[in-house]
1. Binned at 5 Å from 0, what are the whole-percent values of the Cα-Cα distance distribution for segment 53-157, short to long?
2. Give me the net charge of Ser99's neighbourhood, meaning all other residues with Cβ under 12 Å from the Cβ of Ser99; Lys, Arg count +1, Asp, Glu -1.
3. Report, ordered by chain and residue number, the lysines lying within cross-link reach of Lys156, taken as a straight Cα distance under 20 Å and ignoring same-chain residues fewer than 8 apart.
Amino acid sequence: MNIKYLLIIIYSLAIPVFSSGLENENSNSGTMLLVHKTPTCGCCKMWMEHLEENGFNPYPQDHQNLKEIKDMYNIDQKYRSCHTAVSSDGFVFEGHIPSKFITQFLSEDHPNAIGLSVPGMPLGSPGMDAGDLFMPYEVLILYKDGTSKVYAEVNKK
């Protein structure tokens, strides 16, 4: 097994252990997300700030290339974006997903889902602020069999 994969697996298993110590009254149930990103990506950092403002505890993990991460979590090319977040229970959140949909998803039962995705980098999504520019987009739910369906439509900021 590749040492990089082994370290990722070990870290993913450790999230529940140390995230319990980070919970507080203002947190989103103490939800910690491991955010796989490149070291220089500014929009990823802004998306993590959005998460923090909404009670999440994002923890960055920098990589020079995210292809192996996305492949490991079975995120099809058409659903990919610039960063991949992973919850302690193994759900993936690909791209610039508004925090409210992550909260909603984690409170529901989705036995065949791997997580949510906002493919690409739509203008006006969290972390992709561009003044008054906005591009309507969809939040997709991704399933283990490689399919998806629309989870939410975002038509305004």
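1. Final binned percentages: 2, 12, 25, 25, 21, 12, 3, 0.
2. Values: positive: Lys100; negative: Glu49, Glu52, Glu53.
Surrounding charge for Ser99 is -2.
3. Candidates past the 8-residue exclusion: Lys100.
None of the figures in this text is laboratory data; all of them are computed from the coordinates on show. All values derive from a computational prediction rather than experimental measurement. All Cβ positions, glycine included, derive from the backbone under ideal geometry; neighbour counts span all protein chains shown.
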